[in-house]
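Everything on this sheet refers to the single structure shown next.
Bear in mind these aren't lab numbers, they're just calculated from the coordinates by the rules spelled out. Quick caveat, the model's predicted, so the values are computed rather than measured. Note that we place each Cβ from the backbone using ideal geometry, even for glycine, and neighbour counts take in every protein chain shown.
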Amino acid sequence: MNAPARRLELGSLGFDSGASTLLALELGSLRAGESVEIRAEAADLASQLAAWARGRGHRVEELGAGRFQLELGAAHAARRVGAERAGRAPATDVAARPSQRWGLAARGALVEAGGAPFSFRLATADEAWFAGAPELYRAAAAAQWDPGTAIPWDTPLEHPAEVEDALVTVLTYLIENETAALLVPARFATQVHPQFREVLQRLALQAADEARHIEVFSRRAALRRSELGLSTTGGQASLRTLVEEPDFDRAALLLGVLGEGTFVNLLTFLREHAPERCTAELMRLVAADEARHVAFAMGHLAERIRHEPTLLARLASAVRERHDTLRATAGLNEEVFDALVLLAAGAFAPDAIARGHAAVVELVAQMDAGRRMRLRKLGFSADDAASLSGLHTRNFM
């Protein structure tokens, strides 16, 4: 054997008390053919060391007086031959085109050669990454809330029965829409290369947000009613176009920029016209989550458009295609529209209903203004923004 490159003191450790751990750490820094001198006091270490080394392809020689020389085997060292780093660990230094062979390895990990490649669809920085993703992930993680403690579920519910019925109708609609909003980021999260882990994690948190929204809407609906409202074919058809959209950029626009942006207005409206504090607080928390979803979609698309200005045309096509697909559907559930009017009115009296109807008309105008503003921020002209906003589904999401 070659002269030992270093010495390892095992003391009284045997293989039944941690010797293999120290050996593995020491051998990790050696190359094939290099050796280490081992000094040990455990009485039965010689036989244990011989068996351990033989099973791993190493050579061991007993030098006497509790001393051994262990030479690293070629098979063990070969694990690092051809290995490559999966980029570098800092969040600001992602690889532009990470290898599919890196698979699920942590960013910055050493990836052993020979593994079968994965097939992540969103596998380049141009497709999946933007500089603001880490900060948006941290903000979303810090803003998580517990449905059991964040909402005053014991608030007295003393409003009229017809107002409660209207609220349950709206909650039924919200649950359905939030289910679609859960499925979309969950599906795309599985397509993101782990090199872009903050984007993957942000999509996972977004899905978790929507799961929480489904929970609180369902729980609020059940406080005074045992049954939910109507799910319409038009509403399902509208949401199906989101769930089945295969393109990440187009989905970000349709769901994140237009749909969830519109829902921020809706949830704010519901908070303002909530019949009691429980519903008001619930809507406030959900609206804050949805606003973060919009910011994530806007950040992603703004970066994509900066690198690929022609993307605007493809995004516009997505809106027009969805509109054409849904042209024959009824749009917003009539029961939902009437329920919104009644919630804003607070009572069935004609003058109250008139005020409620005016409030819903104003809500629709605010939704349109918000969509136009976001589209303009992405780079659409004022005319195109107005046109595309007008084509957004009447089902709001």
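Per-structure values
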item: Region 241-313: GluC sites (Glu not before Pro) falling in loop per DSSP and having at most 12 other Cβ within 10 Å; result: Glu244
item: Ranked list, fewest to most other Cβ atoms within 10 Å of each Cβ, for Thr393, Thr149, Thr155; result: Thr149, Thr155, Thr393
item: For the chain, built as a Gaussian network whose Cα springs stay under 10 Å, the top-fluctuating residue of His193, His293, His58; result: His58
item: Nearest-ten-degree value, helix 350-378 long axis tilted from longest Cα axis of the chain; result: 40 degrees
item: Overall Cα dimensions of region 1-76, principal axis frame, Å, largest first; result: 28, 21, 18
item: Electrostatic dipole magnitude of the chain [Cβ: Lys, Arg +1; Asp, Glu -1; Cα centre; debye, to 20]; result: 1440 debye
item: Pairwise label distance in nanometres, Ser29 with Ser17, each label 7 Å out on the Cα-Cβ vector; result: 2.5 nm
item: Selection from Tyr137, Leu13, Gly390, by position along the positive dipole direction of the chain (Cβ); result: Leu13
item: Dimensionless Rg/Rh of the chain - Kirkwood Rh, Rg from C-alpha atoms; result: 1.20
item: Value of [θ]222 nm, deg cm²/dmol, for the chain, DSSP H segments ≥ 4, -39500 (n - 2.57) each, nearest 500; result: -18000 deg cm²/dmol
item: Angle in degrees between helix 334-345 and the longest Cα principal axis of the chain, rounded to the nearest 10; result: 80 degrees
item: Most fluctuating residue given options Ile305, Ile38, Ile353, as computed from a GNM of the chain linking Cα atoms under 10 Å; result: Ile38
item: Mean-position separation - Cα centroids, region 16-50 and region 154-224, in angstrom; result: 55 Å
item: Degrees between helix 311-325 axis and first principal axis of the chain (Cα, 0 to 90, nearest 10); result: 50 degrees
item: Proxy reagent accessibility, fewest Cβ within 10 Å first, across Arg250, Arg6; result: Arg6, Arg250
item: Span from the region 80-128 Cα centroid across to the region 372-397 one, whole angstrom; result: 37 Å
